[in-house]
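First the structure, in the form of structure tokens, and then the observations on it.
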Amino acid sequence: MPMHTVEEGECLSSIAKDFGFADWQTIYNDPQNAGFRTQRPNPNVIAPGDQLFIPDKELKNENRSTGSRHSFQLNVKKTKVRLRLEDEEFKPYAGKKFRLEILDDVLEGTTPGDGIIEREIPANAKSGKLTVWLDGDITKPGFLWDLKLGNLDPVEKNKGVQARLKNLGFDCGAIDGIVGPRTKAALKGFQSRMQLPETGQVDDATRQKLRQIHDEP
């Protein structure tokens, strides 16, 4: 099988689906992707331009008697979206009405105590919408977020830093990889909140704190 170059909006689940694999770990754990695993230890965060080896699919033989009907079950790895809703102090939004729309699937409910919304989604889903009513009145417009699934770059990239800042409520403008005035202001705001030196620069301490606050469960 050929090497695959990761494109914008792809994740391991969508790549596995496109190449006919039931489990993305078959690709990720292939010995020829050892370098990729070192580069991307978090399989949920890959980047456009990454190179993945796509192994050949292996045939599996099952011995069954002839002349009768047999059922086989395919174990497909589930793909999920996981959202954590927090206020400006990074405390979970609990007991808030929400609506999550991804493709034709709509999930409505109330956020649990940890503020986490988790939902199984199609592996090829690339966008969605999340509406949250902080005051509980669903007859009024709520806060609306457009979700881009599979678009989070690693924190080592400037676009990954910008995306995390934006997700955490620090408006850095366009996610374009350019550390301009708005991104520097967002960085200073985040650094101040985290009691880091307010450099306005993408330094190692800031990347590490963004990874801790945004990526870790």
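In region 142-163, what count of residues is obtained for those that are touching a Phe, Trp or Tyr at 6+ places or on another chain (Cβ under 9 Å) and either under 30 Å from GLY200 (Cβ atoms) or modelled with pLDDT under 95 (or both)? The number of residues fulfilling the criteria is 1.
In region 109-130, the residue that is farthest from GLU89 (Cα to Cα) out of those that are among the hydroxyl-bearing types (Ser, Thr, Tyr) and more than 18 Å from the chain's Cα centre (by Cα) is THR110. Quick one: count up the residues across region 134-148 that are of a type in the set (Gly, Ala, Ser) and surrounded by fewer than 13 Cβ atoms within 10 Å (Cβ to Cβ). Residues that pass the stated criteria total 1. Screening LYS166 against (1) at negative phi; (2) surrounded by 16 or more Cβ atoms within 10 Å (Cβ to Cβ); (3) part of a loop (DSSP other than H, G, I, E, B) leaves a single unmet condition, (3). Within the span defined as region 78-91, one or more residues are touching a helix residue (DSSP H, G or I) at 6+ places or on another chain (Cβ under 7 Å) and closer than 22 Å to ASP18 by Cβ. Select from region 47-71 the residues that are over 13 Å from TRP24 (Cα atoms), touching a helix residue (DSSP H, G or I) at 6+ places or on another chain (Cβ under 8 Å) and assigned to a loop (DSSP other than H, G, I, E, B) and list them in ascending order. Correct list: ALA47, ASP50.
Annotation: VAL81 fulfils all but one of (1) free of Cβ contacts under 8 Å to residues at least 24 places away in the same chain; (2) surrounded by 10 or more Cβ atoms within 10 Å (Cβ to Cβ); (3) within 19 Å of the chain's Cα centre (by Cα); the unmet one is (1). Here the condition is being buried (at least 17 other Cβ atoms within 10 Å of the Cβ) and farther than 30 Å from TRP24 by Cβ; of LYS159, LYS91, LYS188, LYS184, it holds for LYS188 alone.
So that you can scan it fast, the table gives a plain yes or no per residue for (1) crowded, with 16+ Cβ neighbours inside 10 Å; (2) among the charged types (D, E, K, R); (3) closer than 19 Å to LEU149 by Cβ:
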| site | (1), (2), (3) |
| --- | --- |
| ILE15 | yes, no, yes |
| ILE27 | yes, no, yes |
| THR38 | no, no, no |
| PRO48 | no, no, yes |
| ILE54 | yes, no, no |
| LYS57 | no, yes, no |
| ASN61 | no, no, no |
| SER68 | no, no, no |
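Of all residues in region 92-127, those that are out of contact with any helix residue (DSSP H, G or I) (no Cβ under 6 Å at 6 or more places or on another chain) and assigned to a loop (DSSP other than H, G, I, E, B) total 14. Residues that are closer than 19 Å to ALA16 by Cβ, of a type outside the set (A, V, I, L, M, F, W, C) and exposed (fewer than 13 other Cβ atoms within 10 Å of the Cβ): does region 115-133 have at least one? Yes; the residues of region 115-133 include at least one that is closer than 19 Å to ALA16 by Cβ, of a type outside the set (A, V, I, L, M, F, W, C) and exposed (fewer than 13 other Cβ atoms within 10 Å of the Cβ).
The values are calculated or read from the model by the stated rules, or taken from the named source; none is laboratory data. As the structure is a computational prediction, the values presented were derived from the model and not from experiment. Neighbour counts run over all protein chains shown; Cβ positions are idealised from the backbone, glycine included.
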